[in-house]
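Every number in this text was worked out from the coordinates using simple rules, so none of it is lab data. Every value quoted in this text rests on a predicted model; they were computed, and no experiment measured them. We place every Cβ from the backbone using ideal geometry, glycine too, and count neighbours over all the protein chains shown.
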Amino acid sequence: MATKTINVDMLAKMFLAGAQNIEAQKEFINELNVFPVPDGDTGTNMSLTIISAAKEVMALEKPDMKDLAKAISSGSLRGARGNSGVILSQLLRGFTKSIREEKEIDVLSLAAACARARDTAYKAVMKPKEGTILTVASGIAEKAAEMAGETEDLEEFIPAVIEHAKAVLEKTPDMLPVLKEAGVVDSGGQGLLEVIKGAYDAFQGKEIDYSAIAPKNASASAGAVKINSQEPVDIKFGYCTEFIILTEKEFTEDNEQEFKAYLSSIGDSIVCVADDDVVKVHVHTNDPGLAIQKALTFGQLSRMKIDNMREEHQEKLIKDAEKLAAQDAAKETPKKPDEPRKAMGFITVSIGEGLNEIFKELGADYIIEGGQTMNPSTEDMLNAIDQVNADSIFILPNNKNIVLAANQAKALVKDKEIIVIPTKTVPQGITAIINFVPDADAKTNEETMLEEIKNVKSGQVTYAVRDTKIDDKEIHEGDIMGIGDSGILAVGKGIEETTKEMLSQLVDEDSELISLYYGEEVREEDAQRFTEEVESLYPDVDVDAHFGGQPIYYYVLAVE
């Protein structure tokens, strides 16, 4: 029998199942990253983006289509991380705008929604590139339009669209040579495919385990949209009982085994550790007296402690509810800084104790912790903007994968002027903020910073997480890579040798300064010795070394 429509309850289930599936497949998607760096994060970014929306969907009770559309759109927009996450949020935004007035969705409205999703995402990207998630989204829209003219049956429509999406995805390496060289399909396109495959599973009535996207301690069943994380739990043994036995005679291994067996008969979570004439005991039980009476047969008791875990759990639920209420109140009436509003302020993305301190000293008002290892979300950007009391706020993303999220936050802010300086590396961000002139206006500063970051050549040194070939370089797992602004410049076995090889390609006769920022895994004395070596190699160039403390990257460097 044909299925011609999808109602709001089914659409909610399909969306949550799509979120669940990409969460389950995120590591596989991460491994499709072209560069074999240890922070390949497309799958993680897309999963976190859609889970942000899933949480809002789960909180709905008996929603109509407009409520569901708003939850998906708002949640994904604010939770968007990385370029892939931002594009996914735009796809969801376009899709939900198209269906929000519908009572039920048929093939025509579904095809229209796919088309609007594609158009919205393409508009959000300044220079759309084929061979990416956008190409897969376009293929989905085209096939959906074709199928809408051939059938009214969604059971025929949806699998045909999915098969076409797979075929388009498989062609992405032919559109982007870098994908073909690395031997992978586009990771963002794979992520989008996983979302719609998960949605189709729910449409077919398959049993879906929502536990991976549900809040902790939440019940997650395929038939429930709302998942309540504040439900009481069934505590089998109610009293956490602890004490120490001061033994009056030898506590043998046989005694220990006998006592543990007895404790197991009256409870769980058992710890029984003997040390000379002292035995430490921990057990969860419904009758602490039984454990105490048995223990007294071995000696005197000390440091007795009995806690009612059921009572504690109820108190925790109350405290958690109060905390959530306070957080919601804080969101509705955010605190404003006490200091007078100033003309211009700075938000920068940074990670590492040393780099954070450098940005603070240079005048950053707010530092968002993140970067290569964790791309901040649009929500993170909005929270930071709210904390900076300035008319105009410059955002330094310091990573090419964070620029879109910063621009998305900019579009959502109405009461402040947000200026995104598209810094793609930390050295570019440092150069931008150094060239800020407080006495100049925001427009002049923007123009100056945009011009100055063009003069920075950046490099990053890390290790490979898999074998691959890229930029005509054979790379093996564990190799050290020197990555420049436009690709991999050097590959080797040693950190310092690879860094020197990369520097040889970045330093030219016009270079005046080399700045080295060493990471958390590099010892200060090693960094100092290496700096002296670089100085001897480039005697006509100033060389500065700074503790960056960044994870994963042994050195981040700039040549100016």
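Which of the following values of Rg/Rh (Cα atoms, Kirkwood Rh) was calculated from the structure shown: (i) 1.06; (ii) 1.00; (iii) 0.98?
Structure-derived value, by its label: (i).
In percent, how large is the relative contact order of segment 408-530, given Cα pairs closer than 8 Å and 6 or more residues apart?
Once divided by the residue count of segment 408-530, the mean separation gives 14 percent.
Beyond a 30 Å Cα-Cα separation, which of these cross-linked pairs lie in this structure: Lys171/Lys469; Lys414/Lys457; Lys70/Lys410; Lys400/Lys500; Lys180/Lys493?
Lys414/Lys457
Dividing the alpha-carbon Rg of segment 457-559 by 2.2 N^0.38 Å yields what?
Ratio of Rg to 2.2 N^0.38 Å for segment 457-559: 1.02.
Subtract the Cα-Cα distance of Glu61 and Glu339 from 0.36 nm times their separation in residues, and report this length gain in nm to one decimal.
So the chain would gain 95.9 nm between Glu61 and Glu339.
Just flag the GluC sites (Glu not before Pro) in segment 126-186 sitting in loop per DSSP whose Cβ has no more than 13 other Cβ atoms within 10 Å.
Qualifying residues, ordered by number: Glu130, Glu150.
Mind jotting down the distance between the C-alpha centroids of segment 270-298 and segment 110-143, whole Å?
65 Å
Suppose the chain between Leu537 and Lys97 were pulled fully straight at 0.36 nm per residue; how much longer would it get relative to their current alpha carbon spacing?
152.5 nm
What FRET efficiency comes out for the pair Lys206/Thr3, r = Cβ-Cβ distance, R0 = 25 Å, nearest 0.05?
0.95
Please name which of Tyr554, Leu506, Val543 has its Cα lying farthest along the dipole of segment 457-559 towards the positive end, using unit charges on Cβ (Lys, Arg +1; Asp, Glu -1) and the Cα centre as origin.
The Cα lying farthest towards the positive end belongs to Tyr554.
Rank these for me by crowding, Cys114, Cys240, going from fewest to most other beta carbons within 10 Å.
Cys240, Cys114
Residues in segment 75-91 near a label at Gln387, defined as backbone nitrogen under 12 Å from the 7 Å Cα→Cβ point?
Residues passing the 12 Å test: none.
How long are the three semi-axes of the equivalent ellipsoid for segment 239-311, computed from the Cα gyration tensor as the root of 5 times each eigenvalue, in whole Å, largest first?
20, 13, 10
Would you please give the FRET efficiency between Val125 and Glu417, computed as 1/(1 + (r/R0)^6) with r the Cβ-Cβ distance and R0 = 30 Å, to the nearest 0.05?
It comes out at approximately 0.85.
Distance between the C-alpha centers of segment 448-465 and segment 37-77? Whole Å please.
Between the Cα centre of segment 448-465 and that of segment 37-77, the gap is 32 Å.
To the nearest 20 debye, what is the magnitude of the charge dipole of segment 457-559 about its Cα centre, counting +1 on the Cβ of each Lys and Arg and -1 on the Cβ of each Asp and Glu?
440 debye
Per residue of segment 408-420, in order, report the coupling 6.51 cos²θ - 1.76 cosθ + 1.60 (Karplus, θ = phi - 60°) as ³J(HN,Hα) in whole Hz, putting x for Gly and Pro.
Working through the residues one at a time gives 5, 5, 4, 5, 8, 9, 10, 9, 9, 7, 10, 10, 8 Hz.
What does the extension gain come out to for Arg529 and Met175, with contour length at 0.36 nm per residue minus their alpha carbon separation?
122.9 nm
Modelled label-to-label distance, His476 and Asp254, 7 Å Cα→beta-carbon offset: nm?
So the label points at His476 and Asp254 sit 5.9 nm apart.
In debye, nearest 20: dipole of segment 239-311 around its Cα centre with unit charges on the Cβ of K, R (+) and D, E (-)?
Rounded to the nearest 20 debye, it is 300 debye.
So for segment 8-203, averaging the separation of alpha carbon pairs under 8 Å that are six or more residues apart and normalising by length, what relative contact order in percent results?
Rounded, it is 28 percent for segment 8-203.
Taking the Cα-to-Cβ direction at Asp544 and at Ser265 and moving 7 Å from each Cα, how far apart do the two end points lie in nm?
That separation, rounded to one decimal, is 7.4 nm.
Hey, if you put +1 on the Cβ of every Lys and Arg and -1 on every Asp and Glu Cβ in the chain, which of His282, Gly238, Phe28 ends up farthest toward the positive end of that dipole?
The Cα lying farthest towards the positive end belongs to Gly238.
Grab the beta carbon distance between Asp439 and Leu513, set R0 = 25 Å, and tell me the FRET efficiency rounded to 0.05.
Approximately 0.50, to the nearest 0.05.
Explain nothing, just compute: Karplus ³J(HN,Hα) = 6.51 cos²θ - 1.76 cosθ + 1.60, θ = phi - 60°, for every residue of segment 112-120 in order, whole Hz, x for Gly and Pro.
For segment 112-120, the Karplus curve yields 5, 5, 5, 5, 5, 4, 4, 4, 5 Hz.
If you place +1 on the Cβ of every Lys and Arg, -1 on the Cβ of every Asp and Glu, and leave all else neutral, what size is the dipole of the chain about its Cα centre, to the nearest 20 Debye?
Dipole magnitude for the chain comes out near 2360 debye.
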